[in-house]
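Student: My questions will all concern the structure given below.
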């Protein structure tokens, strides 16, 4: 997969797909945007070709069989491709500085330690 630079429409569709655990049809995606169903279908084809999404199954949209889609690329993976390392470090530092829940900080510390152990 190349590093993605999504168009406005592609990003709008990806955000809808990232925002749910369900597989969605073009019609459902269209209902959640101001983008026509035909445009949605064209953008979905492009995202499919680039392997950023997949057809997860075939289901019904009303009484018609249709493809249902899921993202392949996570939102986190996308963000890591569009945010520089320096910016990511500042975001993480700011995020940690604002935390007031010591249990959550312990969780983050455990994640960091697990990664360090993996690298050793």
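The values are calculated or read from the model by the stated rules, or taken from the named source; none is laboratory data. Quantities reported herein were computed from a predicted structural model and do not represent experimental measurements. A quick note on method: Cβ atoms are made from the backbone with ideal geometry, for glycine too, and the neighbour counts reach across all protein chains shown.
Residue-by-condition table, conditions (1) farther than 28 Å from residue 22 by Cα; (2) without any contact (Cβ under 8 Å) to a residue 24 or more places away in the chain; (3) in a strand (DSSP E or B):
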{"position": "57", "(1), (2), (3)": "no, no, yes"}
{"position": "77", "(1), (2), (3)": "no, yes, no"}
{"position": "90", "(1), (2), (3)": "yes, yes, no"}
{"position": "100", "(1), (2), (3)": "yes, yes, no"}
{"position": "103", "(1), (2), (3)": "yes, yes, no"}
{"position": "112", "(1), (2), (3)": "yes, yes, no"}
{"position": "115", "(1), (2), (3)": "yes, yes, no"}
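Listed here are the residues, each with its yes/no results for (1) assigned by TED's automatic domain parsing to the domain that holds residue 55; (2) surrounded by 11 or more Cβ atoms within 10 Å (Cβ to Cβ); (3) closer than 28 Å to residue 6 by Cβ.
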{"site": "77", "(1), (2), (3)": "no, yes, yes"}
{"site": "87", "(1), (2), (3)": "no, no, yes"}
{"site": "90", "(1), (2), (3)": "no, yes, yes"}
{"site": "97", "(1), (2), (3)": "no, no, no"}
{"site": "100", "(1), (2), (3)": "no, no, no"}
{"site": "112", "(1), (2), (3)": "no, no, no"}
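Student: Considering only the stretch 21-48, state which residues are within 18 Å of residue 77 (Cα to Cα) and at pLDDT 95 or above.
Tutor: Within the stretch 21-48, 47, 48 qualify.
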